[in-house]
Amino acid sequence: MPSTDRHTRLFEGVDGITVLLYVLIVLAGWLSITSASYDNSTADGNFFSLSHFYMKQAVWVSIAWITAIVVLLLDERFYHMLAYPAYIGGLVLLIAALLFGREVNGAKAWFEFGSIRMQPVEFAKIATALALARVMSDYSFSINRPSDLMKVAFVICLPLGIIILQNDTGSGIVLCSFLFVLYREGLNKWLCVPVLLIAALFIISFLLTPITLLILSIVVCTLCEAVLNGQWKSRIIYLASLALGAIVLFVAMYAIAPHTMSFYHALLAVTLLSLVGVAIYAYRTTLNNTYLILGFFIGTTIFFPTTDYIFNSILKEHQQKRIESFLGIINDPRGIDYNVNQSKIAIGSGGFVGKGFMEGTQIRYGFVPERHTDFIFCTVGEEWGFLGTVFVLTLFCLLILRLMRMGERQEEPFGRIYCYCVASILLFHVLVNVGMTIGLVPVMGIPLPLMSYGGSSLIAFTLLIFIAIRLDAATRQFSIDKF
């Protein structure tokens, strides 16, 4: 058949398994929303009243499926050309929401049109994925070239910064999932180490006192330098002496003038003197990895005060409490811990097979807040039990693996990178949402893809997935046409 007729064959080349997985997850979500939100005491007991959340969601499901068909009808080259305009449009929407949007749950990230709300960040994820695929698919692009890596960082960090300004940190962190894509495309694995170190240092900074952090940093850097460069005795004696002198100096300075000299002033003075000592040491010895260790020590010394500033000056009170609760610093079962505690009770009470459709007491009687949105997984756990949760998670795993497989069979880098972007976003959403319902992750307000109530979220994820399906269908159609 001539290639000019290729676009008349709507479903040829479409990955039917991926579409089926998508439909099953959407239907599972609609059933869960129905169970979580139906109340026969409202709307005169009319099951089909649009006052129910599940009926509103049914409307959004219909719109999402129409959107999916439109996406499949468009030429795959359209999405390549759309990448940069969509990215600019996404940034404009984010800025408009920041300036003129409605504040919901402390985040100024929503547009409201009558009874309809739209969250631009959901569509900004699609635009960022397309732009990232466009940048990285350039024939001259090299992931390990600093200038090209800066382009990637710019594409990701620009919307991330705006989203953080909206105070929607949870949604912004989703963009960090693109690190998986960079790793797949050949990013040096050692460049991922700083990201892991930052996350570890951020957590450690809440669990230890400042002086303990300083001592720990000095000891770790001393031992690492000795291990990497050898010559244990001479290096450890010198650096340990330097560390001991720095600690004594720090304690003395802070003890003598506690009112006029803050902890960070004393820390800065000690750091500068330590650098002088290390510089003398560097001049007199053969350095292999000493500069690397020195950079790590300087970075940690600067990072700890920065973390303290971010925590106390940028994060809102409820975000601070969520982090402290997650780390076990505070225990507030009737306050900040209430949602997670009730969520775990609901999921645990479901047992192996669950209580049955619309039979969940924790859900039906409103013990779990946001049970039809961010905590929709609680409904699955209580009413469908262990088997139901395994079934839903299996559907998500298969969908993510299918998207990765679709990416691997792409003949063009644009399609491969985009498919991996979609898989990364879905994986991050599922891990964080399910993790926060069982207490493994701090509550961030991230929806469960295709299952949580919300029109903008459902349509955005539908667009995200079906663009990947369309790109994959074009590849499969082209392979068929060649033969």
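Summary table
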item: FRET E, pair SER140, ARG77, Förster distance 22 Å, beta-carbon r, rounded to 0.05; result: 0.60
item: Theoretical gain in end-to-end length, TYR183 to ASN341 [0.36 nm per residue, Cα-Cα removed]; result: 53.3 nm
item: Cubic angstrom per residue, convex hull over Cα atoms of segment 429-479; result: 83
item: Theoretical gain in end-to-end length, PHE391 to SER147 [0.36 nm per residue, Cα-Cα removed]; result: 83.4 nm
item: Spin-label pair VAL92/CYS157, simplified geometry with 7 Å Cα→Cβ offset, distance in nm; result: 2.6
item: Taking segment 375-443 and dividing mean pair separation by its residue count, relative contact order in percent (alpha carbons under 8 Å, at least six apart); result: 28
item: Ordering of 430-443, 368-381 by burial proxy (mean other Cβ atoms within 10 Å per residue, highest first); result: 368-381, 430-443
item: Violating pairs (Cα-Cα greater than 30 angstrom) within the set LYS321/LYS355; LYS108/LYS151; LYS56/LYS125; LYS125/LYS355; LYS108/LYS321; LYS108/LYS355; result: LYS321/LYS355; LYS125/LYS355; LYS108/LYS355
item: Zone of THR361's modelled label, taken as backbone nitrogen in segment 383-419 under 17 Å from a point 7 Å along Cα→Cβ; result: 383-385
item: Spin-label pair SER49/LEU398, simplified geometry with 7 Å Cα→Cβ offset, distance in nm; result: 3.7
item: Gain on full stretching of the segment that runs from ARG117 to GLU12 - 0.36 nm per residue minus C-alpha separation; result: 34.2 nm
item: Separation in nanometres of the label points that stand 7 Å from Cα toward Cβ, at ILE69 and GLU412; result: 2.6
item: Segment 334-468, dipole about Cα centre (Lys/Arg Cβ +1, Asp/Glu Cβ -1), debye to the nearest 20; result: 100
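No lab work stands behind these numbers, since they all come straight from the coordinates. Since we're looking at a predicted model, the values are computed, not measured. So basically every Cβ, Gly included, is an ideal-geometry build from the backbone, and we count neighbours across all protein chains shown.
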